[in-house]
Amino acid sequence: MTDARPIPDSLLITGGRVVDPSTATDRMADVLIEHGRIAAVAGAIPSGEHRVIDAGGRVVVPGLIDLHVHLRDPGQTHKEDIASGTTAAVRGGFTAIACMPNTVPPIDHPAIVEYVRSMASKTGACRVYPIAAITKALAGEELVPIGGLAAAGAIGFSDDGSAVANAELVRKAMAYASMYGLPVMEHCEDRTLARAGVMHEGEWSAVLGLHGIPTVSEDTIVARDLLLAAAAGAHLHVLHVSTAGSVRLIREAKRRGVRVTAEVTPHHLVLTDAAVQGFDTNFKVNPPLRSAADVAALREALADGTIDAIATDHAPHTIEEKMVEFDQAPFGVIGLETAVGVVLTTLVAPGIIGVSDLVRMMSTAPASILGVPGGTLSIGAPGDVTILDLDRAWSVDPAAFASKSQNTPFAGWSLKGKAVATIVGGEIKFSELEGEARVPAPVHRES
Ligand code: DOR
């Protein structure tokens with residue numbers, strides 16, 4: 001957290017529609033935060049001595065949690081750092097994020113976990129939970145010290161960016177991680193099948209003459225890891241699901257009682273491989289944007305609970321890194337500042353999911369997957385609250401992002417719906433509410 005100001009004793013959020021799936025709440029109510037924790041959710045709480053913010057006409061929800069963010073700190077702070085990434089997070093409505101270990105050096109040693117946690121407590125605008133690597137140096141060869149990393153505060157294990165090819169290592173990681181009650185979070189991709197692919201293998205890759213990444217490269221590792229998780233009784237979390245095949249496998253495994261959870265990104269829910277036709281590298285992402293049939297399967301999986309959570313996979317890269325030929329550009333798009341608007345516009349407004357589903361998938365479920373506090377407005381929970389304006393029309397201007405990077409696939413999109421205030425532990429970290437404007441400036445911006 002950045003602010004040196006003392007945590008105010010109390011904050012009363014009045015007049016909003018409170019939506020909290022964890023307590024089956026959807027009604028007009030006030031929310032009182034005292035000493036950094038939820039103290040009451042009730043009709044017409046007397047304002048007393050409390051600092052009051054008016055949420056009339058808005059929706060008040062448990063603080064959003066993004067379980068998949070690349071903060072690039074340590075080592076690649078020209079792309080993002082903990083201060084800029086968490087500022088982007090609160091401007092996007094997130095009160096907590098989990099950050100991936102493919103930093104330089106990677107988060108494969110307790111000292112790096114401690115670095116991230118201590119920098120986050122000094123310069124972070126929201127809560128930050130580090131995810132540690134599964135293998136040393138993310139090299140896929142030797143297991144990290146799982147116990148030491150868990151003791152230092154890692155909340156899960158992942159070699160995100162690639163899958164761990166060696167099944168025996170995954171089996172061991174699952175066995176050890178489950179001793180600490182932590183998930184193994186796999187980026188499911190068989191490299192021998194994905195080869196030098198740069199986009200989805202299908203009609204568009206043929207038309208564009210680009211190497212394709214077949215859907216089976218993802219499905220194969222999902223299938224393997226579901227079997228390993230079932231055998232180990234471990235919690236497998238499947239990162240950024242992109243194929244209809246993965247959805248089928250996860251659905252069937254859930255029916256059999258395998259401890260599997262899964263996430264999907266807004267870009268995989270909204271865009272298809274056709275977006276690559278202009279060779280714009282802001283549509284180059286791993287896993288790649290898939291076919292319309294895959295997108296339909298992902299949306300169905302959200303609706304039937306096969307996919308538990310929406311996560312951004314916020315993956316910052318600089319303009320210089322992305323302004324190269326499609327083949328050469330790094331994979332990744334940012335998402336912290338657009339996720340809520342994109343989900344509200346493309347999924348909630350047309351009635352594909354409800355507001356309560358959004359909150360479950362972007363707050364309650366991520367808290368439960370990561371085993372962290374939050375995701376609820378129940379009494380005594382952290383005073384982490386997001387206020388949404390479902391009617392706010394805005395357009396995506398990458399130049400205005402707090403993120404140091406601008407590699408969004410949604411540039412220029414007209415969206416309806418936005419996070420307008422973000423409160424962490426009772427402190428207003430971001431607000432565009434009338435009379436409350438508190439918009440943290442982009443930090444450490446390089447020209
Ligand atoms: O597109 C991606 N970018 N996918 C990943 O798995 C890694 C990420 C990154 O770190 O840039």
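Look at His187 and say whether it is within 16 Å of the ligand (Cβ to nearest atom) and over 14 Å from Ile221 (Cα atoms). Considered against the rule, which asks whether it is within 16 Å of the ligand (Cβ to nearest atom) and over 14 Å from Ile221 (Cα atoms), His187 comes out as no. For the stretch 33-59, taking the residues that are outside any loop (DSSP other than H, G, I, E, B) and among the β-branched types (Val, Ile, Thr), the one that is surrounded by the most Cβ atoms within 10 Å (Cβ to Cβ) is identified as Ile33. Checked against (1) surrounded by 24 or more Cβ atoms within 10 Å (Cβ to Cβ); (2) within 16 Å of the ligand (Cβ to nearest atom), Gly140 passes all but a single condition, namely (1). When we screen Ser178, Ser205, Ser158 for residues that are in contact with a strand residue (DSSP E or B) (Cβ under 6 Å, 6 or more places away or on another chain), away from the ligand (no atom under 16 Å from the Cβ) and of a type in the set (Ser, Thr, Tyr), the only hit is Ser205.
Going by the structure shown, is Val439 within 20 Å of the chain's Cα centre (by Cα) and either crowded, with 18+ Cβ neighbours inside 10 Å or in contact (Cβ under 8 Å) with a residue 12 or more places away in the chain (or both)? Spelling it out, it is not the case that Val439 is within 20 Å of the chain's Cα centre (by Cα) and either crowded, with 18+ Cβ neighbours inside 10 Å or in contact (Cβ under 8 Å) with a residue 12 or more places away in the chain (or both).
For every residue, the table says whether it meets (1) surrounded by fewer than 21 Cβ atoms within 10 Å (Cβ to Cβ); (2) more than 16 Å from the ligand (Cβ to nearest atom); (3) farther than 20 Å from Ala194 by Cβ; (4) not polar (S, T, N, Q).
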position: His237; (1), (2), (3), (4): no, no, yes, yes
position: Gly245; (1), (2), (3), (4): yes, yes, no, yes
position: Gly257; (1), (2), (3), (4): yes, yes, yes, yes
position: Ala297; (1), (2), (3), (4): no, yes, no, yes
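Does the stretch 128-137 contain any residue that is farther than 21 Å from Ile82 by Cα and either of a type in the set (Val, Ile, Thr) or crowded, with 16+ Cβ neighbours inside 10 Å (or both)? Yes, because at least one residue in the stretch 128-137 is farther than 21 Å from Ile82 by Cα and either of a type in the set (Val, Ile, Thr) or crowded, with 16+ Cβ neighbours inside 10 Å (or both). Scanning the stretch 175-208 for residues that are among the charged types (D, E, K, R), part of a helix (DSSP H, G or I) and farther than 30 Å from Ala232 by Cβ yields one hit, Glu203.
The residues in the stretch 277-295 that are under 20 Å from the mean Cα position of the chain (by Cα) and within 15 Å of the ligand (Cβ to nearest atom) can be counted, and the count is 9.
Hey, could you check the stretch 259-295 for residues that are of a type in the set (A, V, I, L, M, F, W, C) and touching a strand residue (DSSP E or B) at 6+ places or on another chain (Cβ under 9 Å) and say which is most open to solvent (accessible area, probe 1.4 Å)? Here the residue is Phe283.
Is it fair to say Leu149 is at pLDDT 95 or above, away from the ligand (no atom under 16 Å from the Cβ) and crowded, with 24+ Cβ neighbours inside 10 Å? Give the steps one after another, and end with the answer.
Values: at pLDDT 95 or above: yes; away from the ligand (no atom under 16 Å from the Cβ): yes; crowded, with 24+ Cβ neighbours inside 10 Å: yes.
Here the answer is yes, as Leu149 does meet what is asked.
All of Ala29, Ala24 fail the test of being more than 18 Å from the chain's Cα centre (by Cα), surrounded by 20 or more Cβ atoms within 10 Å (Cβ to Cβ) and over 27 Å from Ile319 (Cα atoms), apart from Ala29.
Which of the following residues is within 16 Å of the ligand (Cβ to nearest atom), modelled with pLDDT of 95 or more and either under 20 Å from Leu210 (Cα atoms) or under 23 Å from the mean Cα position of the chain (by Cα) (or both): Ala274, Ala229, Ala262? Steps first, answer last, please.
Numbers: Ala274 fails: within 16 Å of the ligand (Cβ to nearest atom); Ala229 fails: within 16 Å of the ligand (Cβ to nearest atom).
Sole residue among the options that is within 16 Å of the ligand (Cβ to nearest atom), modelled with pLDDT of 95 or more and either under 20 Å from Leu210 (Cα atoms) or under 23 Å from the mean Cα position of the chain (by Cα) (or both): Ala262.
In the condition set (1) touching a strand residue (DSSP E or B) at 6+ places or on another chain (Cβ under 6 Å); (2) buried (at least 24 other Cβ atoms within 10 Å of the Cβ); (3) of a type in the set (A, V, I, L, M), Ala88 is compliant with all but (1). Condition check for Glu321 on (1) assigned to a helix (DSSP H, G or I); (2) away from the ligand (no atom under 14 Å from the Cβ): one failure, at (2).
Per-residue answers, yes or no, for (1) touching a Ser or Thr at 6+ places or on another chain (Cβ under 7 Å); (2) of a type in the set (Asp, Glu); (3) part of a helix (DSSP H, G or I):
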| position | (1), (2), (3) |
| --- | --- |
| Leu210 | no, no, no |
| Glu218 | yes, yes, yes |
| Ile221 | no, no, yes |
| Leu227 | no, no, yes |
| Val276 | no, no, yes |
| Pro287 | yes, no, no |
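Being in a helix (DSSP H, G or I) and either open to solvent by less than 10 Å² (accessible area, probe 1.4 Å) or over 23 Å from Asp357 (Cβ atoms) (or both) is the requirement here; does Gln328 meet it? No.
Pick out, from the stretch 338-447, the strands (runs of 3 or more DSSP E) lying fully within it that include 2 or more residues that are hydroxyl-bearing (Ser, Thr, Tyr).
Values: elements: 385-395, 414-424, 427-431.
Per the criteria, 385-395, 414-424.
Whenever a residue of the stretch 305-334 is over 13 Å from Gln76 (Cβ atoms), its partners that are part of a strand (DSSP E or B) and away from the ligand (no atom under 16 Å from the Cβ), lying with C-beta atoms within less than 8 angstrom and at least six residues away or across chains, give the pairs Asp308/Thr261; Ala309/Thr261. Of the set (1) crowded, with 22+ Cβ neighbours inside 10 Å; (2) among the small types (Gly, Ala, Ser); (3) within 20 Å of Leu271 (Cα to Cα), all apply to Gly197 but (1). Residues that are farther than 17 Å from Gly153 by Cα, among the hydroxyl-bearing types (Ser, Thr, Tyr), open to solvent by less than 10 Å² (accessible area, probe 1.4 Å) and away from the ligand (no atom under 13 Å from the Cβ) are absent from the stretch 60-83 altogether.
The values are calculated or read from the model by the stated rules, or taken from the named source; none is laboratory data. Note that this is a predicted model, so its numbers are computed, not measured. For neighbour counting, all protein chains shown are included, and Cβ atoms are generated from backbone atoms with ideal geometry for every residue, glycine included. Surface areas here come from the heavy atoms of the whole protein model, side chains and all, with no ligands, DNA or RNA. Shrake-Rupley method; radii C 1.70, N 1.55, O 1.52, S 1.80 Å.
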